[in-house]
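Accompanying notes for the structure given below.
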Amino acid sequence: MRKGKTFIICGPSGVGKGTVVARLLASDPSLYFSVSATTRPPRPGEEDGVHYHFLSMEQFEQWIAEDQFLEHAQFVGNRYGTPRLYVDRAMAQGRDVLLDIEIQGAEQVKRKRPDVVRIYVAPPSWAELERRLIGRGTEDMEKVRSRLARGREEFSAAKDFDYFVINDTVDRAVEELRAIMTAEHCRPEERMALIDR
Ligand code: ADP
Ligand code: 5GP
């Protein structure tokens, strides 16, 4: 059986991570998207258990105490974490797993599971990032500014990632992400094990 791989998608808020992830999932039902837990309130249209598990601060701390998270981090006033159970279950089924998480969480996962593939998604410019984040209309201006500042601070960390994708058009970014995922399954350590000798 093909082995499942974990792909981490990171990048500044508003760059289009959710958009490209939705496209990848729509075209490949075998991909597993890890639904994170968060203490931030749902945006209009976001469903509990689909986009996030929306938890109170107490529930979030309970999940930490129960060691339910593969990683967790704070992001602009809220907490976010990846439940370990579903990721492991999907990997055991040979499915690829997508994590849409921020950079501290990505570092924690990389330390625990060195074979994860980390992909940084960047905007074509900071001006365009600002337009997208404001255009999405989900945060007030203070939060937009905090999210932009955080994105700029973390940009230099992208040099340690495995791949760097510029989301200029969604089609092109998605094509590159698919190419990366395909190439990662062509590594000798995985492919050689599939040959009947
Ligand atoms: P993130 O998940 O990274 O915070 P979203 O996927 O919510 O970002 O995208 C932020 C906004 O930018 C949304 O309104 C989305 O429709 C828009 N968007 C995403 N990708 C592009 C693109 N390539 N060109 C223009 N707008 C985009
Ligand atoms: P948003 O509030 O816009 O949905 O997400 C804010 C940031 O939190 C994004 O960078 C997103 O990738 C990140 N994030 C979402 N889920 C998780 C998670 O489980 N863990 C970590 N560390 N970050 C997450």
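The values are calculated or read from the model by the stated rules, or taken from the named source; none is laboratory data. Predicted model only: the values in this text are computed from it and were never measured. Please note: Cβ atoms are built from the backbone with ideal geometry, for glycine as well, and neighbour counts cover all protein chains shown. All accessible areas refer to the heavy atoms of the entire protein, side chains included, with ligands and DNA or RNA removed. Shrake-Rupley method; radii C 1.70, N 1.55, O 1.52, S 1.80 Å.
Apply the Karplus curve 6.51 cos²θ - 1.76 cosθ + 1.60, θ = phi - 60°, to the phi angles in the stretch 159-168 and return the couplings in whole Hz, x for Gly and Pro.
With the stated coefficients, the stretch 159-168 comes to 5, 8, 6, 7, 9, 9, 10, 9, 8, 7 Hz.
Of the options G137, G151, V165, report the single residue whose Cα projects farthest towards the positive end of the charge dipole of the chain (beta-carbon charges: Lys, Arg +1; Asp, Glu -1).
Going by the charge dipole, the pick is V165.
Which order do the peptides 16-23, 106-113, 139-146 come out in when sorted by mean C-beta neighbours inside 10 angstrom, highest first?
Peptide ranking by packing, descending: 16-23, 106-113, 139-146.
Would you be so kind as to identify which of A26, S56, F75 lies farthest towards the positive end of the dipole of the chain, taking Lys and Arg as +1 and Asp and Glu as -1 on Cβ and the Cα centre as origin?
Positive-end residue among those listed: A26.
For the stretch 32-53 and the stretch 64-78, what is the separation of their Cα centres, given in Å?
Taking the Cα centre of each part, the stretch 32-53 and the stretch 64-78 sit 14 Å apart.
Probe of 1.4 angstrom, ligands and nucleic acids ignored: what's the accessible area per residue over the chain, in square angstrom?
Result: 54 Å² of accessible area for each residue.
Run the accessible area of the stretch 1-66 with a 1.4 Å probe and give the carbon-and-sulfur part as a rounded percent.
The C+S portion of the solvent-accessible surface of the stretch 1-66 is 55 percent.
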